[in-house]
Amino acid sequence: MDSVERVPVEAGREPDIGKSAEVLRERVEVRSLAITGLFVLALFYTLYFARTFFLPIVLALLLDFLLNPIIRGLKRARIPEPVGAAVVLLALLAALGLGVYTLADPAREWLAKVPASLQQAQTKLRSIRRPVEQVSKTAQQVEAATSVEGDTQKREVVVRGPDLSQRLFGTTQNIVAAMIEMVILLYFLMAAGDLFLQKLIKVLPQFRDKKRAVSIARETEASISAYLSTVALLNVGEGIAVAGLMSLLGMPTAVLWGVLAALLEFIPYVGAALMVIVLTLAAVTTFDSLGHALLVPAAFLALNFAQANFVSPLILGRRLTLNPVAIFIGLAFWWWIWGVPGAFLAVPLLATLKIFCDHIETLAPIGEFLGK
């Protein structure tokens, strides 16, 4: 008989379940990351193109956090929340109207003097600009000597668009509509009180979640209110100090410069730089002596430096102090999204986000990154 040679059959290898699970987990993480990225891009797109809708809402929410302690104080004094909200809102609008009425004429006079002021400032600063002009003239001569003239004539195409005020603030109709929407929404938010918190508690199923939601909401609201009120008082205090300093230095309409400094202080770095430019132009056109004129922005810079590096960190503390890198990125982002109003709201929004993240365990790393 022929012997039949048997070939052993190799058994199939069993699949590595652990490795398959790891690959599947990596795919899920990549898909989750991609979905998160698309969501963030969609959010940015929505905030940019729907800014006329979101801006009054965000401003009303921040003002609600700021004014809520006053409403609760009136409630403890037996004044209902709708009545207290009406009293606070009317007082706020009256103070704003009085300020605008008082400062409108001085501001209009200074704006009317801007062209003449620029010419006077250019004349007085000619001695400082002379070396720079000489270098520029030399560069132009070198460029003219090395350029090749052609037969064709250069044509300039001018594209006309909206003026500067419309780009910064929008049209008057949009501003008025946004202000009315913000005032109405602010009143309803203050008059509602804890209505939204009560709705959230009813929706949550477990008692433990309800208790935690109340604790987080109370602590977050208290921290945001304390931060916004403290920053507002600090800016008002700096405005009063600037007004007194300008009065001592002999600047006219010192109150106008104090109010402008208090408003621009909400925009870190950029606001101080704009204030220095404005004060320099105003002082150069006011005083005959160049040294006296330059003393005005120098005094403001010294005061602003002391406030930013000593007073604010001492009062706010380290926990509520924001990272300068985060401030710069947030300022650039909100300026791009919402223009000048976004620049004013950038730091309050960053501080609100930081406080919110500090009170939620899973978001604590974001709060740590935003702080110092």
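Computed from the coordinates by the stated procedures, all read-outs in this text should not be read as laboratory data. From a predicted model like this one, the values you see are computed outputs, not experimental measurements. Every residue, glycine among them, receives a Cβ derived from its backbone with ideal geometry; neighbour counts consider all protein chains shown.
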Q.
Let me check the size of the range 229-309 from its C-alpha atoms; what are the radius of gyration and Dmax in Å?
A. 11.8, 41
Q: Pop out the ³J(HN,Hα) list for the range 252-263 in order, Karplus 6.51 cos²θ - 1.76 cosθ + 1.60 with θ = phi - 60°, rounded to Hz; leave Gly and Pro as x.
A: x, 6, 4, 5, 4, 5, x, 5, 5, 5, 5, 6
(Q) For a quick check: with amide H placed at 1.01 Å from N, whose amide H comes under 5 Å from Gly371's, ignoring anything fewer than 5 positions away on the same chain? (A) Asn323
Q: Beyond 21 Å, what share of the Cα-Cα pairs of the range 256-372 is found? Please give it as a whole percent.
A: 47
Q: On each of the three principal axes of the Cα atoms of the range 74-117, give max minus min coordinate, whole Å, ordered largest first.
A: 57, 12, 11
**Q.** At most 15 other Cβ within 10 Å, DSSP loop - trypsin sites (Lys or Arg not before Pro), the range 62-94
**A.** Arg78
Q. For Ile175 and Ala86, what is the calculated FRET efficiency with R₀ set at 25 Å and r taken between the beta-carbons, to the nearest 0.05?
A. 0.60
Q: Could you point to the residue in Ala192, Ala326, Val236 farthest towards the positive end of the range 188-327's charge dipole, with +1 and -1 charges on the Cβ of Lys/Arg and Asp/Glu respectively?
A: Ala192
Q | Val203-Asp288 FRET efficiency (beta carbon distance; Förster radius 56 Å; 0.05 resolution) | A | 0.20
Q) Which distance in Å, rounded to a whole number, links the C-alpha centroids of the range 225-283 and the range 308-350? A) 17
**Q.** For the range 265-281, Karplus couplings with θ = phi - 60° (6.51, -1.76, 1.60), whole Hz, Gly/Pro x
**A.** 5, 5, 10, x, 6, 5, x, 5, 5, 5, 5, 5, 5, 5, 5, 5, 4
Q) Which semi-axes, in whole Å and largest first, does the equivalent ellipsoid of the range 27-101 have when worked out from the alpha carbon gyration tensor as the square roots of 5 times its eigenvalues? A) 40, 18, 8
(Q) For the pair Ile79/Ala232, report the inter-label distance in nm, with labels modelled 7 Å from Cα in the Cβ direction. (A) 1.5
